[in-house]
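Below is one structure, written out as structure tokens; the observations come after it.
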Amino acid sequence: AQSVAQPEDQVNVAEGNPLTVKCTYSVSGNPYLFWYVQYPNRGLQFLLKYITGDNLVKGSYGFEAEFNKSQTSFHLKKPSALVSDSALYFCAVEPSGSARQLTFGSGTQLTVLP
Amino acid sequence: EADIYQTPRYLVIGTGKKITLECSQTMGHDKMYWYQQDPGMELHLIHYSYGVNSTEKGDLSSESTVSRIRTEHFPLTLESARPSHTSQYLCASIGQGAGEQYFGPGTRLTVT
């Protein structure tokens with residue numbers, strides 16, 4: 001069975017500093033990988049995805065993520081954090097041949113301090 | 001913003017009541033999903049549909065039921081609400097190809 005781990009429940013970073021939100025996965029085959037963000041009392045918003053090709057994926061709002069097959073990781077990064085980036089971030093995996101079902105990580109609350 | 005809508009956004013209801021949470025999308029997506037998001041914020045798939053007249057249960061056991069009579073509409077029904085059903089319910093859809101799921105704004109349900 002597939003699984004996604006976000007080892008940090010909470011990440012705090014100062015505004016202007018780089019941020020990293022970690023994600024590792026366990027799934028057979030070549031999965032699709034996604035990052036979503038959730039603001040309070042809102043649904044999930046898509047940030048970026050890895051399907052195939054270049055291991056570095058760029059997404060919305062200056063975020064990027066690096067797919068590392070050997071480490072089965074897909075960490076989310078941003079060079080310079082903004083206070084408005086404070087939100088709940090979810091990593092998700094869609095196993096190949098899963099008929100488009102996502103398995104989500106437990107979420108990481110990012111707080112950017114002014 | 002994706003064209004996927006959920007109503008109501010917030011609902012407070014007494015135990016034993018029957019409720020229906022609405023989800024509609026205008027993108028013509030064939031696949032639709034319902035997730036339950038617990039207070040710990042984890043997301044669990046409770047129902048999905050791959051098209052009209054197709055519904056399946058997800059990973060998390062749920063006492064709710066769903067229907068898919070029209071492509072754009074995927075309502076979720078609780079026949080008898082209980083406090084344990086208090087949660088946020090998120091609807092999502094996806095089209096063809098290697099795209100991402102689009103999520104609605106969610107319904108926050110409180111059962112007293």
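Taken together, the values in this text are just the output of simple stated rules run on the coordinates, not laboratory data. None of the values given here were measured: they were computed from a predicted structure. Because the Cβ atoms are built from the backbone with ideal geometry, glycine has one as well, and the counts that use them run over all protein chains shown.
When each of the peptides B:56-67, A:37-48 is scored by the mean number of other C-beta atoms lying within 10 Å of its residues, the order from highest to lowest reads A:37-48, B:56-67. Taking 30 Å as the limit for the C-alpha separation, the pairs A:Lys69/B:Lys31; A:Lys77/B:Lys57; A:Lys49/B:Lys57 exceed it in the case of A:Lys77/B:Lys57.
For chain B, give the share of DSSP beta bridges that are antiparallel, in percent and rounded to the nearest 5; count only bridges with both residues there. In chain B, approximately 90 percent of DSSP beta bridges are antiparallel ones.
About the centre of its Cα atoms, segment B:33-100 shows a dipole size close to 200 debye [charges on the beta carbon of Lys, Arg (+1) and Asp, Glu (-1) only; nearest 20 debye]. Taking label points 7 Å from Cα along the Cα-to-Cβ direction, B:Met41 and B:Arg82 give a separation of 2.8 nm. Taking B:Ile46, B:Ile13, B:Ile94 as the candidate residues, the one with maximal mean-square fluctuation in a Gaussian network model of chain B, Cα springs under 10 Å, is B:Ile13. Extension gain for the segment A:Thr52 to A:Ser28, taken as residue separation times 0.36 nm less the Cα-Cα distance, is 7.1 nm to one decimal.
Is the C-alpha gyration tensor of segment A:19-104 telling us rounded, prolate or oblate? Criteria: a/c under 1.5 is rounded; beyond that, a/b larger than b/c is prolate, otherwise oblate. Judged from the Cα gyration tensor, segment A:19-104 comes out oblate (a/c at least 1.5, b/c at or above a/b). Given their separation in residues at 0.36 nm each and the Cα-Cα distance between them, B:Thr110 and B:Tyr50 gain 18.7 nm when the chain is fully extended. Using 19 Å as the cut-off for backbone N distance, which residues of segment B:51-95 belong to the label zone defined by a point 7 Å from the Cα of B:Arg9 along Cα→Cβ? Answer for segment B:51-95: B:87-92. Modelled spin-label separation between A:Gln109 and A:Gln2, with each label point placed 7 Å from Cα along the Cα-to-Cβ direction: 2.8 nm. Placing pseudo-labels 7 Å out from each Cα toward the beta carbon at A:Asn17 and B:Ser61 gives an inter-label distance of 4.5 nm. Highest average first, the peptides A:51-59, B:76-84 ordered by how many other beta carbon atoms sit within 10 Å of their residues are B:76-84, A:51-59.
With the charge dipole of chain A set up from +1 on Lys and Arg Cβ and -1 on Asp and Glu Cβ about the Cα centre, the Cα lying farthest toward the positive end among the listed residues A:Thr103, A:Pro79, A:Gln6 is that of A:Thr103.
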